[in-house]
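The values are calculated or read from the model by the stated rules, or taken from the named source; none is laboratory data. No experiment lies behind these values; they were computed from the predicted model shown. Reconstructed Cβ throughout: ideal geometry from the backbone, glycine too, with neighbour counts over all protein chains shown. We work out accessible area using only protein heavy atoms, side chains counted, and drop any ligands, DNA or RNA first. Shrake-Rupley method; radii C 1.70, N 1.55, O 1.52, S 1.80 Å.
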Amino acid sequence: MTRTPFLNSAVSLVVMALTCFSLSPVQADDDFKQQREALVEEIAEDLRSSDAILDQSELDPKVLKAMKTVPRHEFVPEKHKHQSYRNRPLPIGYGQTISQPAIVALMTNLLELETADKVLEIGTGSGYQAAVLAELVEKVYSIEIVPELAERAAEDLKRTGYDNVITRHGDGYYGWEEQAPFDAIIVTAAADHIPPRLLKQLKPEGRMVIPVGSRFMVQHLVLVKKTEDSDIITEQLLPVQFVPLTGEH
Amino acid sequence: MHPGAGYLLTIAVISGATLAYEVLLLRLFSLIQWHHFAFMVISLALLGYGVSGVFLALARQHVSRHFSSVIMGNLVLLALSMPLSFMLAQALPFNPAELLWDPRQLFYWLVVYLILAVPFFFAANIIGLSLYQFRRGIPTLYASDLLGAALGSIGIIALLFVIDVEQILLVLPYLVLLIGLLLVTQSPLWSGRQKTLWQASLLVTMAVTLFFMPASLQLNVSSYKSLSQMLTVPETQVLQRKSSPLGVLSVVESRQVPLRYAPGLSILSDAELPEQLAVFTDADAMSAITRFDGDYEPLRFMGQTSSALPYQFKPMQDVLVLGAGAGSDVLQALMFDASHIDAVEENPQMIGLLQDDYADFAGKLYKLPQVNVHQSEARAFASKTERQYDLITMSFMSAAGAGGGLFSMNENYLFTVESMREYLRHLKPGGYISITQQNTHPPRVMPKLVATLAEAMQSFRLAPSQSLILIRSWQTTTLVVKNGTVNQEEISQLKQFSERYNFDLAYYPGMTEQEANRFHRLKQPYFYQAVTALLSENKAQFIADYKFNIEPATDNQPYFSQFFKWETLPEILSLLDAGSIFLLESGYLLLLAALVQALVASLVLLLLPLWLWRRRRRDRDEAQPLHKRVLAYFFALGLAFLFVEIAFIQKFVLILHHPVYAVTTVIAGFLLAAGAGSYLSGRLRMVQARIQVVAAVLVMIVLSAVYISSYASISGFLLAQSDLPRYLLAILMIMPLGFCMGIPFPAAMSMLGREHDEMIPWAWGINGFASVMSPILATLIAMEFGFRVLIVVALLLYLLAVCLFPTDSTKPSAGHNQLNV
């Protein structure tokens, strides 16, 4: 009996499936590590000309290192794990997403963090952004409004060893009074205005980042800066280099 | 054989129920997903008509032998598939928001409309097979089909007002099953055991539908819509839900985490917000009802938003709030002591929320002596009222360009040059128009608004460069236009207000570039640059060079949210890896994608079977040229009919104002008249079919030419009438056009029925496919060239149809004779 093409493909699928199952966790982790490093290199290259890099010529090496270290696949739901190292947002349930890695890199970069900084995150979501921040600073405080997400992110952060992220379920509008002031605040949950209390909890010369757009499409980033005299200035930055005008006007 | 009255009634009901189902699907998908996808999915689902044509063409002899069973079988399947298709389609993990990220979504998209095409396939089988079976009665049948569709279009609007949108999904199958039962019982086509069997089947289906369907009919609203997201917050609940053709309103209360709705609020504001209830339209587009008890202190935040700018200049006595919605702008006007506020809101149910359901919560806002509520579309009100205002304000009305340009295909008559003239006409000397919008970055909405306004101001001898003011917060932009020259005092108030709340100056007469871009910095002072250029002599060049389409919108091309430019596409695509997707004006591209899908589907589902069928019977086929002509003729008709209908719907919507009623009236008028045309063409046996078609097309050309050339005076005349005569006169104007449009289809069909009956299903299918492509093409043509061009194209297609009228060219003498009945 000759094997039909259908049978051939079925056999190869089985072989592939068996190969996948037989990979040891170490091998799988190595594989993810390679994918992650490739992705971060790619992001670094793509973002070289972004508006949000401001005066720098490229992303901060510390941010790139953090991105290369945090296992994004540990924060992605099982069914999307294989897409963990694609530069795209992925659904995490409850109408929320784990942000696009390039956007995470940009937002983190915009905060210009120092190791001793204390950071507040409004909208823990998957916990991935908090983990990236935790690679860079000593303490990250993160608030999530959806109880199920808050619980899951707390577990994932604990499992991956990010003990320096302190999570809480609750309303982020009033910030985290007991731990204020913060050197940096990142607001990943949509907001139609910037909560005044959050601004108050930002130290002079502190920075706040807010992505504007939808869950699957960040349209621009808003960087809020508090000056030494506590004046507030924002910058509206595109994730790409794009000028709406051609020619001289 | 001629169909009896009962049969004609059945055709009318099937046709009406199917049209109602189409409108219903549009509503349902707008609710569970987003309007633009609803539009595309449903227009493509109509492919079911085309596929039915192919099916009947290939199987006609077999199905014709079992005619009565096939008709009833399809009727039962139609009834069952109406709710089932929708339930299945909404169960798929299709997420339009992920379309640009995940290629699998394209597959789901395809599956969604294949599933939704099923009911249309069964409906088209019933009508197509009937046309084939009763070929001598085609004009009467077609007339019933059109008449039914007309009644369906009115009926569904009425139903949407009285019952919940998901319940209608069960009403329509019942209607279909009932008419089936009536037909089986009274028609001689069914007799003896067969009759009993079908009666039993229909009753069982009704019982099954009644017992099993309602429990499982839950709407699966996308978890990415803002209502779904808000409901994930603990102790948040929907207090009330109201449904109408204008959308489903949901009032939501959040106890643990208060709602804080204050778009455009200054970054420096420290005001605590009062209690609010969220109001969502179609599970999105949130607004808020704010608690009000007569004390203005809790409303202090309303004075700290960018939209509060005009109130800094002088006390406003007479204020017109267009798109009053849940009342934020009305409260703001009250807070600033306006003594007469005309609040215009289109949705009666929204007004109901404020006047009845939550009147106490809202401090009887819409019943206060200063507030006059008008249930009307904004532009309609502006064209009717004679009152002059100190301030006309419009906040966050649907000009929004946010969301990747997904609204680009929606016609919008609120923001056109002509509408701006209308608003300007109602300003007192020294009065203001104030428009607040969400920022788009890079700027799109405001530059287009400025271009549109500047064009409108030319008719008023107003110098835009001396009359405009633009400020922005980190999230909103407020444009103020003065009926007069902005003076020094106003400039100084503007500066104080902006300085106090960290609003950026983007334009005022005499402003320098250094003053721009201070608090909320953009890479360059884009807004200042855009406004200065748009108000200068370089305007045309600037518009041409800008990377988004910011040409002023007009009534002829009312696509305010169409910002797409082909020239920018390569640059955006080259940045795709870096995340430039948000720059893609994807609405336009999705429309193109839909067109390509429709074309591919037509090729696969129509031309491929046609080709295979012809190859199989090549040796027997004597009338090949006729096939091509039939194909071309009915394709042209399918395109042209909807082109004309869509173009004139738009023209009349503008005169009749209320979009829902206007569209319904115009569609029903067209279909009724076309039905009458079809019926009469069957009666006029002494007139050759071809002559009938030539005459009809000539009359259409003359009428269209008259309507287009004298549109301004016709609309002026109609607008001066009160509602009833205006609607009646509009219908009177539509009818002759519709009447003529009803003739070419049955005239050629009857000809085929006499000589080439095997071609009838083909013609039906081809016409169906053209109807799928027609609305998409019509929108693209109107976007690019305007409605006038669309009408001209439609008329050219009708002329082409005249030339192609399918006489049999292989047998000229016989063919000619057959036309004389």
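Identify all residues within region A:132-151 that are open to solvent by 40 Å² or more (accessible area, probe 1.4 Å), within 13 Å of another protein chain (Cβ to nearest Cβ) and in a helix (DSSP H, G or I); write none if there are none.
Step one: list which residues in region A:132-151 are open to solvent by 40 Å² or more (accessible area, probe 1.4 Å), which gives A:135, A:138-139, A:145, A:147-148, A:151.
Now restrict to residues that are within 13 Å of another protein chain (Cβ to nearest Cβ): A:145, A:147-148, A:151.
Correct list: A:Pro147, A:Glu148, A:Glu151.
Test B:Leu595 against the stated conditions and say whether it is within 14 Å of chain A (Cβ to nearest Cβ), assigned to a helix (DSSP H, G or I) and open to solvent by 10 Å² or more (accessible area, probe 1.4 Å).
Details: within 14 Å of chain A (Cβ to nearest Cβ): no; assigned to a helix (DSSP H, G or I): yes; open to solvent by 10 Å² or more (accessible area, probe 1.4 Å): yes.
So B:Leu595 fails the test.
Which members of region B:268-317 meet the condition of being of a type in the set (A, V, I, L, M), open to solvent by 10 Å² or more (accessible area, probe 1.4 Å) and farther than 26 Å from B:Leu239 by Cα?
B:Leu268
Here are the criteria: (1) under 28 Å from B:Met230 (Cβ atoms); (2) more than 10 Å from chain B (Cβ to nearest Cβ); (3) part of a helix (DSSP H, G or I). Tell me which single one A:Leu106 does not satisfy.
Single failed check for A:Leu106: (2).
Might you check whether a residue that is part of a helix (DSSP H, G or I), under 30 Å from B:Leu752 (Cβ atoms) and either modelled with pLDDT under 90 or open to solvent by 40 Å² or more (accessible area, probe 1.4 Å) (or both) occurs anywhere in region B:70-89?
Yes, region B:70-89 has at least one match.
Any idea which of (1) within 14 Å of chain B (Cβ to nearest Cβ); (2) in a helix (DSSP H, G or I); (3) in contact with a helix residue (DSSP H, G or I) (Cβ under 8 Å, 6 or more places away or on another chain) is the one A:Gln129 doesn't satisfy?
(1) is the only condition that A:Gln129 fails.
Considering (1) among the polar types (S, T, N, Q); (2) closer than 24 Å to A:Ser50 by Cα; (3) crowded, with 22+ Cβ neighbours inside 10 Å; (4) within 14 Å of chain B (Cβ to nearest Cβ), say which one A:Asn87 fails and leave the rest.
Every condition holds for A:Asn87 apart from (3).
Inspect all residues belonging to region B:464-471 and state whether any of them is open to solvent by less than 10 Å² (accessible area, probe 1.4 Å), among the polar types (S, T, N, Q) and outside any helix (DSSP H, G or I).
No - not one qualifying residue is present in region B:464-471.
Among the residues of region B:247-266, how many are open to solvent by 10 Å² or more (accessible area, probe 1.4 Å) and within 14 Å of chain A (Cβ to nearest Cβ)? Break it down into steps so the answer makes sense when it comes.
Pass one, region B:247-266, residues open to solvent by 10 Å² or more (accessible area, probe 1.4 Å): B:253-261, B:263.
Subset that is within 14 Å of chain A (Cβ to nearest Cβ): B:254-261, B:263.
Selection size over region B:247-266: 9.
Taking the criterion of being open to solvent by less than 50 Å² (accessible area, probe 1.4 Å), outside any helix (DSSP H, G or I), within 11 Å of chain B (Cβ to nearest Cβ) and not polar (S, T, N, Q), would at least one residue in region A:65-83 satisfy it?
For region A:65-83, residues open to solvent by less than 50 Å² (accessible area, probe 1.4 Å), outside any helix (DSSP H, G or I), within 11 Å of chain B (Cβ to nearest Cβ) and not polar (S, T, N, Q): absent.
With the requirement that a residue be more than 7 Å from chain B (Cβ to nearest Cβ) and either at positive phi or at pLDDT 90 or above (or both), what does region A:222-237 give you? Talk me through it step by step, then tell me what you get.
Residues of region A:222-237 more than 7 Å from chain B (Cβ to nearest Cβ): A:223-231, A:237.
Hits for region A:222-237 are A:Leu223, A:Val224, A:Lys225, A:Lys226, A:Thr227, A:Glu228, A:Asp229, A:Ser230, A:Asp231.
If you check B:Leu239 against the conditions, is it within 14 Å of chain A (Cβ to nearest Cβ) and modelled with pLDDT of 90 or more?
Details: within 14 Å of chain A (Cβ to nearest Cβ): no; modelled with pLDDT of 90 or more: yes.
When the stated conditions are applied, B:Leu239 does not pass them.
Tell me the residue from B:Leu424, B:Leu453 that is more than 25 Å from B:Glu585 (Cα to Cα), open to solvent by less than 10 Å² (accessible area, probe 1.4 Å) and assigned to a helix (DSSP H, G or I), please. Walk me through how you get there before you give the answer.
On the way: B:Leu453 fails: more than 25 Å from B:Glu585 (Cα to Cα).
Checking each option against the conditions leaves just B:Leu424.
Being out of contact with any Cys (no Cβ under 7 Å at 6 or more places or on another chain), closer than 19 Å to B:Ile289 by Cβ and open to solvent by less than 10 Å² (accessible area, probe 1.4 Å) narrows it down to one residue among B:Leu353, B:Leu320, B:Leu368; which is it? Walk me through how you get there before you give the answer.
Numbers: B:Leu320 fails: closer than 19 Å to B:Ile289 by Cβ; B:Leu368 fails: open to solvent by less than 10 Å² (accessible area, probe 1.4 Å).
That would be B:Leu353, the only listed residue that is out of contact with any Cys (no Cβ under 7 Å at 6 or more places or on another chain), closer than 19 Å to B:Ile289 by Cβ and open to solvent by less than 10 Å² (accessible area, probe 1.4 Å).
Name the one entry in B:Tyr546, B:Tyr588 that is among the aromatic types (Phe, Trp, Tyr) and away from chain A (no Cβ under 12 Å). Break it down into steps so the answer makes sense when it comes.
Working: B:Tyr546 fails: away from chain A (no Cβ under 12 Å).
None of the others qualify; the one that does is B:Tyr588.
Which members of region B:509-559 meet the condition of being open to solvent by 40 Å² or more (accessible area, probe 1.4 Å), free of Cβ contacts under 8 Å to residues at least 24 places away in the same chain and closer than 30 Å to A:Ile233 by Cα?
Across region B:509-559, the qualifying residues are B:Gly510, B:Thr512, B:Glu513, B:Gln514, B:Glu515, B:Arg518, B:Arg521, B:Lys523, B:Gln524.
Inside region B:715-748, can you point out the residues that are buried (at least 23 other Cβ atoms within 10 Å of the Cβ) and of a type outside the set (A, V, I, L, M, F, W, C)?
Matches in region B:715-748: B:Gly738, B:Gly742, B:Pro744, B:Pro746.
In region B:432-440, is there at least one residue being modelled with pLDDT of 95 or more and not β-branched (Val, Ile, Thr)?
Yes, the conditions are met somewhere in region B:432-440.
Please verify whether B:Pro443 is more than 25 Å from the chain's Cα centre (by Cα), at pLDDT below 95 and buried (at least 24 other Cβ atoms within 10 Å of the Cβ), treating the condition exactly as stated.
Numbers: more than 25 Å from the chain's Cα centre (by Cα): yes; at pLDDT below 95: yes; buried (at least 24 other Cβ atoms within 10 Å of the Cβ): yes.
For B:Pro443, the condition - more than 25 Å from the chain's Cα centre (by Cα), at pLDDT below 95 and buried (at least 24 other Cβ atoms within 10 Å of the Cβ) - is met.
For region B:325-339, indicate whether the set of residues that are outside the structural domain of B:Ile435 (by TED's automatic domain parsing), closer than 30 Å to B:Gln493 by Cα and open to solvent by 40 Å² or more (accessible area, probe 1.4 Å) is non-empty.
Initially, region B:325-339 is screened for residues outside the structural domain of B:Ile435 (by TED's automatic domain parsing), giving none.
No: zero hits.
Here is a check on your reading of the model: is A:Glu178 open to solvent by 30 Å² or more (accessible area, probe 1.4 Å), under 22 Å from A:Leu113 (Cα atoms), more than 7 Å from chain B (Cβ to nearest Cβ) and part of a helix (DSSP H, G or I)?
Working: open to solvent by 30 Å² or more (accessible area, probe 1.4 Å): yes; under 22 Å from A:Leu113 (Cα atoms): yes; more than 7 Å from chain B (Cβ to nearest Cβ): yes; part of a helix (DSSP H, G or I): yes.
In short, yes.
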